[in-house]
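First comes the structure, then the notes that go with it.
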Amino acid sequence: MITLNTCRIITLGMAIAAAGTSLVNAAPLGLPAVPIPADNPQSDAKIALGDRLYHEERFSADGKVSCATCHAEEKAFTDHRAVSKGHNGLLGTRNAPTVINAAYMETQFWDGREPDLEGQSKQPPINPVEGGLPDHVAFVNIFRNDASYVKTFKQVFGVDKKEITIDHFAKAIASFERTIIAGDSPFDHYQFGGDKSAMSEAAVRGLAVYVGQGRCVSCHIIEQNQALFTDNRFHNIGVGFKNIQGRVGEIAKDFLKAKNKGVDVDVTVLSDPDASELGRFAVSEDINKIGAFKTPSLRNIELTPPYMHDGSQKTLADMVNFYNNGGRVNPDDPLSPFLSGGIRPLNLSDQQKKDLVAFLKALTSPSIAAKVTSTKIID
Ligand code: HEC
Ligand code: HEC
C-alpha cells in the first residue's frame, strides 16, 4: 500500500481530537479545517481501506485502471494528460482535476454534477470511458467475492458480505480523500504566517497583480485567514467556445432531449465532446450557464499541467496570456456570448505577466512537490 505524506495530517488531527469523537484534521497553514460530514466520520481503519480502494485496479474492465491512474500522487494527484485515458486506452473529454484539497469543494466535477466526494466516487468505475464496468452490481461483487475486502469492510463498517454496498465504498474513498490536503506554501507563509521573506520579490509583485489589475482574486478567492482560491461558482471564461461556435443551440437541445429520456449526464459529458462543452448547463439547465465551469483552486498549479476543463492550455504563461486577451488564446479570436462579465482584456505588461506566473508558482505545497516526479505533459 502506498503511504501518503499527506496522511500525516491525520496523525496530527488525532492528537487534537477528543477521545471517542470523529477525527478532525488539523489544517495546514492557509486552509480551514476539513469539513467532515456527520454521517461519515474519519477513522484510521476507514482511511486505510479508502487508500486501498483508491489504488485498486480491479475496478475496471481491463483490470488496469484505478483512481490513482488518473489522480496519481507522483503527478500531484492528476495525470498530466489533456483529457484522461480510461480502460483499454479510451479517451474522455475532460482534464482530470487534482484530488488535492477536493475535500473543500462545495460540489464535485467541473460542472458540479455531484454534491460531494462520496457521490463523485461512484461514477468512475462504471463510466464507459473510465472504469468501464457494466454497473454497480458487478462492481460491488468484486469486494463481496474477495475475502480480504469482506473482512476489512466488516471491521470498518460492521457489515457482512451481503450487506456491503456501493455506499460503503464511497464512504471509505471519501475519507481517504479528506486526508489529501495541502497548504503551507510560500504564499501561505507570506500571507498568513507573517513571514514577508517567504515569497520572492517577483511573486510579491505578482500577488499585487493578482488582486489588482488582474482581478484573479474575484473568482480564485483569498480570505482573511485562509485561501481556497475558489468561489465554488461556475463561470464561462471562454474556454472551448471555438469548438461549438454556431452549434450551441442545437447541441443544448439534443442534450436536453437525451437527458429527459434518462441518458446519464456523467456518461454523456465524458464521452461526447460537444456535450462536454455545455458545462454547468448540463446540470442546471440554465441557459446562462452554457460553457460555465467550476472555478478550480490554484494551489499546486505549477505541478498540474495542462490546464482548463479540456486541458487546452499547457503552461502558466499560456494561462496568463489567455486572461490578458479577455478569455481568448489570440486577441482576435471570437468571444463567447456567454462569457462571464468578469473576463475582460487586462492590459498587463510583460513584467506583470511574468510576476503573475511567479506568484502562481508560490502556491506549491512542499509536501506535494516532494512526491512529484515529473510535470511533463503526456500526449
Ligand atoms: C480515467 C481517468 C479517471 C479515473 C479512473 C478516475 N478519475 Fe477522477 N476525474 C477524472 C476526470 C476527467 C475528472 C473530471 C470530470 C468532469 O469534471 O466531468 C475527474 C474528477 C474527479 C474529482 C472532482 C474534483 C473536483 O475538483 O471537482 C474527484 C474528487 C475525483 N475525480 C476522484 C476520483 C476517484 C476517487 C476515483 C476512483 C473511484 C477517480 N476519480 C477515478 C478522471 C478520472
Ligand atoms: C470570472 C471568474 C474568474 C476570474 C476573474 C479568473 N478565473 Fe481563473 N478560472 C476560472 C474558471 C471558471 C476556470 C476553469 C475554466 C474552464 O476550464 O473552462 C479557471 C481556470 C484557471 C486556471 C487553470 C486551473 C486548472 O487547474 O486547470 C488558472 C491557472 C487560472 N484560472 C488562473 C487565473 C488567473 C491568473 C486569473 C487572473 C488573471 C484568473 N484565473 C481569473 C474563473 C476565473
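The values are calculated or read from the model by the stated rules, or taken from the named source; none is laboratory data. In this text, all values refer to a predicted model and were calculated from it rather than measured experimentally. Positions of Cβ are backbone-derived with ideal geometry, glycine not excepted, and every protein chain shown enters the neighbour counts.
Find the residue count for region 1-55, including only residues that are among the basic types (Lys, Arg) and modelled with pLDDT under 50.
Residues that pass the stated criteria total 1.
Just to verify a result, which residue in region 312-339, among those that are among the polar types (S, T, N, Q) and modelled with pLDDT under 95, is farthest from ALA202 (Cα to Cα)? Steps first, please.
Taking region 312-339 first, the residues among the polar types (S, T, N, Q) are 312-313, 315, 321, 324-325, 330, 336.
Pick out the ones that are also modelled with pLDDT under 95 and you get 330, 336.
Details: ASN330: 26, SER336: 33 Å.
It comes out as SER336.
Looking at region 265-295 only, could you name the residues that are away from ligand 1 (no atom under 12 Å from the Cβ), out of contact with any strand residue (DSSP E or B) (no Cβ under 7 Å at 6 or more places or on another chain) and either on the phi > 0 side of the Ramachandran plot or not in a helix (DSSP H, G or I) (or both)?
GLU285, ASP286 - these are the residues of region 265-295 that are away from ligand 1 (no atom under 12 Å from the Cβ), out of contact with any strand residue (DSSP E or B) (no Cβ under 7 Å at 6 or more places or on another chain) and either on the phi > 0 side of the Ramachandran plot or not in a helix (DSSP H, G or I) (or both).
Please pick out the residue among LEU298, LEU278, LEU270, LEU303 that is among the hydrophobic types (A, V, I, L, M, F, W, C) and farther than 30 Å from ASN347 by Cα.
Sole residue among the options that is among the hydrophobic types (A, V, I, L, M, F, W, C) and farther than 30 Å from ASN347 by Cα: LEU270.
Hey, could you check region 193-225 for residues that are in a helix (DSSP H, G or I) and of a type in the set (D, E, K, R) and say which is nearest to the chain's Cα centre (by Cα)? Let's see the steps before the verdict.
Filtering region 193-225 down to residues in a helix (DSSP H, G or I) leaves 201-211, 216-218.
Going one step further and asking which of them are of a type in the set (D, E, K, R), we end up with 201, 205.
Numbers: GLU201: 30, ARG205: 28 Å.
Result: ARG205.
Of everything in region 297-306 that's within 7 Å of ligand 2 (Cβ to nearest atom) and crowded, with 22+ Cβ neighbours inside 10 Å, which residue is farthest from THR373 (Cα to Cα)?
Among those that are within 7 Å of ligand 2 (Cβ to nearest atom) and crowded, with 22+ Cβ neighbours inside 10 Å, it is LEU298.
Can you tell me which condition LEU256 does not meet? The list is (1) modelled with pLDDT of 95 or more; (2) within 16 Å of ligand 1 (Cβ to nearest atom), and all the others hold.
The number of the failed condition is (2).
Of the residues that make up region 133-142, is at least one in the same structural domain as GLY342 (by TED's automatic domain parsing), within 27 Å of the chain's Cα centre (by Cα), surrounded by fewer than 20 Cβ atoms within 10 Å (Cβ to Cβ) and of a type outside the set (A, V, I, L, M, F, W, C)?
No - not one qualifying residue is present in region 133-142.
Only one residue in GLY212, GLY238 is closer than 24 Å to TYR323 by Cα and either touching a helix residue (DSSP H, G or I) at 6+ places or on another chain (Cβ under 9 Å) or modelled with pLDDT under 95 (or both). Which one?
The conditions single out GLY238.
GLU106 fails exactly one of the following numbered conditions: (1) surrounded by fewer than 20 Cβ atoms within 10 Å (Cβ to Cβ); (2) within 16 Å of ligand 2 (Cβ to nearest atom); (3) more than 24 Å from ASN40 (Cα to Cα). What is the number of that condition?
All conditions pass for GLU106, except number (3).
Being more than 12 Å from the chain's Cα centre (by Cα), closer than 27 Å to ALA27 by Cβ and of a type outside the set (A, V, I, L, M, F, W, C) narrows it down to one of GLU163, GLU130, GLU118, GLU106, so name that one. Talk me through it step by step, then tell me what you get.
Working: GLU163 fails: closer than 27 Å to ALA27 by Cβ; GLU130 fails: closer than 27 Å to ALA27 by Cβ; GLU106 fails: more than 12 Å from the chain's Cα centre (by Cα).
Exactly one residue qualifies, and that residue is GLU118.
What helices (runs of 4 or more DSSP H) lie completely within region 25-143 and have 3 or more residues being in contact with a Phe, Trp or Tyr (Cβ under 7 Å, 6 or more places away or on another chain)?
So the answer is 44-54.
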